[in-house]
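The values are calculated or read from the model by the stated rules, or taken from the named source; none is laboratory data. Because the structure is predicted, anything quoted here is derived from the model rather than measured. Here the Cβ positions follow ideal geometry from the backbone for every residue, glycine too, while neighbour counts run over all protein chains shown. Please note that ligands, DNA and RNA were not included when accessible areas were found on the heavy atoms of the full protein model with its side chains. Shrake-Rupley method; radii C 1.70, N 1.55, O 1.52, S 1.80 Å.
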Amino acid sequence: MPPSRRRLLRLLPLLLLCGLALAWALASLDWCGPWPERPPRVVAEAHGRGALRAGAARVALQPPRPAPGGAGYRPPLPDMEAGPVPLQARALVVEAGGASVGMVLLDLLSAPEPLVAAVRARVAGLGLQGVLVLATHTHSSMGGYDPRLVAEVAGMGRYRPELQEVAVVAAARALTEAHGALAPARLRLGEARAPGLVRSRSGEEAPDGRLLRAVLQGEHGGIAELLVFSAHPTLVQRHLRTLDPDYPGRLAREREARGAGVSLVLQGAAGNASAALDGGEDAPGAFAGALAQLAAGAPLAPVEVAGLDYARVELALPHPDASRLAPLPLERAGETLLCRSSLQVAEVGALRLGPLHLLAIPGEPTVAAGERLSGAAGPGTVVLGLGGGYVGYVETPEAVAGDRGEARRQYFGPALLERLGAGARLAGRAARFF
């Protein structure tokens with residue numbers, strides 16, 4: 001061996017050590033910089049008085065075959081084929097006094113900001129004053145549609161623009177068809193509770209098993225039904241390797257088969273809520289059946305709706321905080337990753353139909369955090385998670401400070417709930433919740 005090569009081999013460990021030290025030093029620098037501090041502001045608002053009209057539609061999501069599936073689990077995501085229950089985009093449009101608002105629910109893990117913006121741009125010609133984009137949070141759906149680096153690393157898989165386009169096309173078609181189906185509607189509300197169906201996965205405050213049912217009835221039958229329940233859709237066994245909407249998709253199909261109209265199964269404050277059900281290949285169907293029975297037994301009462309009110313509020317997010325997500329030597333690097341993957345602002349959306357007050361939160365609030373957000377927006381407000389973007393988990397400041405509950409999964413510090421609460425308060429006021 002030539003002397004020069006021997007010297008190089010002797011120096012190699014030192015060069016590697018120096019390279020690692022340089023990489024660590026660079027990663028330890030503050031690449032984020034200061035984040036804006038400003039009060040929340042209303043960026044969209046609509047008010048309409050008059051008779052209520054509603055339209056609904058569903059459109060299949062049609063990803064290429066095979067597509068990366070198992071979003072939300074550890075990468076790499078395996079390629080999956082379509083399963084027996086197809087993924088869907090379900091949309092509802094409501095209109096009163098010339099003001100119209102759309103809501104579209106996708107059988108996806110999340111609705112990140114780029115996807116939300118693309119859907120709104122695609123349906124701009126409909127003249128809707130507001131569009132709420134939400135996800136069922138199913139973990140057995142496709143991945144690859146979120147361009148943020150932290151999403152790719154954490155469980156969404158490599159970003160592929162054509163997969164985002166699949167979701168955008170289906171959402172836009174569903175909203176367009178729902179808008180074209182507008183017809184006179186009446187609203188009926190009811191609720192039922194089954195605490196035994198859910199449990200707290202973190203030991204913090206347990207979900208109460210409440211299922212809210214909002215039915216929009218037309219002259220000739222059901223137009224749409226909103227079912228709000230809190231439980232992570234993680235019942236599909238991973239070894240099945242099929243794209244699957246989990247229990248929300250099965251529950252929606254069962255309710256639709258019974259004449260409920262288009263059924264939107266929405267997540268509430270599900271950050272720490274899991275289904276209290278043993279595993280097995282029939283678990284998603286069994287859980288959907290239990291919820292369908294609960295919904296069918298929820299007594300409905302007609303309510304007066306003299307119009308609609310809508311508001312979308314933009315708020316500044318606190319600086320990302322990786323202190324609970326990464327070991328101390330990599331904490332700064334973790335914050336840099338979060339900074340490069342997150343917008344500095346988020347949004348909350350509020351929709352009022354008579355006594356039905358809906359608040360869309362761009363993340364996964366826990367039960368306790370959801371109660372505070374509901375109180376901030378106005379008494380009786382129903383919190384919807386996974387709507388209008390994704391900022392991750394939302395815990396109470398006390399849980400974050402004590403590193404309890406879902407705090408170890410929260411991307412931001414204790415101030416996150418306070419910021420979202422301020423946005424919820426302004427949104428509730430603008431949408432006339434109080």
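Of note:
- When the surface is traced with a 1.4 Å probe over the full set of protein chains, V94 keeps roughly 0 Å² accessible.
- Farthest positive-ward along the chain dipole, Cα basis, beta-carbon charges - from Q164, A346, A206: Q164
- Å³ per residue enclosed by the Cα convex hull of the chain: 156 Å³
- Nearest-ten-degree value, helix 113-122 long axis tilted from longest Cα axis of the chain: 50 degrees
- Segment 402-416 versus segment 215-283: alpha-carbon centroid distance in Å: 28 Å
- Cut-off under 5 Å, modelled amide H: who pairs with V262 long-range: A224, E225
- Cα gyration tensor shape of segment 137-207, rounded if a/c is under 1.5, else prolate or oblate by comparing a/b with b/c: oblate
- Computed from the Kirkwood radius of its Cα pairs, the Stokes-Einstein diffusion coefficient for segment 331-406 at 4 °C and 1.567 mPa s stands at 95 µm²/s.
- Distant-in-sequence amide H partners of L235 (H built 1.01 Å from N, under 5 Å): Y247
- Leading residue at positive end of dipole, the chain (Cβ point charges), from G392, V367, G271: G392
- Degrees, to the nearest 10: 246-257 long Cα axis against longest axis of the chain: 20 degrees
- Kirkwood radius and radius of gyration were both taken over the C-alpha atoms of segment 280-363, and their ratio Rg/Rh is 1.20.
- Semi-axes of the equivalent ellipsoid for segment 140-298, Cα gyration tensor, largest first, Å: 27, 24, 14
- Here the chain is treated with +1 on each Lys and Arg Cβ and -1 on each Asp and Glu Cβ, and its dipole about the Cα centre works out to around 720 debye.
- Carbon + sulfur, % of accessible area of the chain - ligands and nucleic acids excluded, 1.4 Å: 56 percent
- Amide proton proximity set for G307, modelled H, under 5 Å, gap of 5+: G50, G354
- Rg followed by Dmax, in Å, when segment 41-120 is reduced to its Cα trace: 17.0, 52
- Given +1 at the Cβ of Lys and Arg, -1 at the Cβ of Asp and Glu and no other charges, the dipole of segment 131-201 around its Cα centre is 380 debye to the nearest 20.
- Largest first and in whole Å, the equivalent-ellipsoid semi-axes of segment 220-321 read 26, 24, 12, each the square root of five times a Cα gyration tensor eigenvalue.
- Estimated Rh, segment 235-390: Kirkwood, alpha-carbon pairs, angstrom: 18.6 Å
- Per-residue SASA entry for L105, accessible area with 1.4 Å probe, Å² rounded to 10: 10 Å²
- Relative to the longest principal axis of the Cα atoms of the chain, the long axis of helix 3-27 makes an angle of roughly 40 degrees.
- For segment 303-434, alpha-carbon Rg relative to the globular expectation (2.2 N^0.38 Å, N residues): 1.10
- With contributions of -39500 (n - 2.57) from each DSSP H run of at least four residues, the per-residue ellipticity at 222 nm computed over the chain stands at -9000 deg cm²/dmol.
- With DNA, RNA and ligands ignored, accessible area of T176 (1.4 Å probe; Å², nearest 10): 70 Å²
- Cα principal axis extents for segment 37-79, largest first, Å: 49, 40, 15
- Taking the charge dipole of the chain about its Cα centre, with +1 at Lys and Arg Cβ atoms and -1 at Asp and Glu Cβ atoms, the residue from V93, H319, L216 reaching farthest to the positive side is H319.
- Cα shape, segment 207-258, gyration tensor, a/c 1.5 rule: oblate
- Only Lys, Arg (+1) and Asp, Glu (-1) charged, at Cβ; segment 227-281 dipole about Cα centre in debye: 100 debye
- Quotient of the Cα radius of gyration of segment 78-197 and 2.2 N^0.38 Å, N being its number of residues: 1.20.
- All Cα pairs of segment 185-271, percent lying beyond 20 Å: 42 percent
- Annotation for segment 174-247: GluC sites (Glu not before Pro) lying in DSSP loop with at most 13 further Cβ atoms inside 10 Å of their Cβ are E219.
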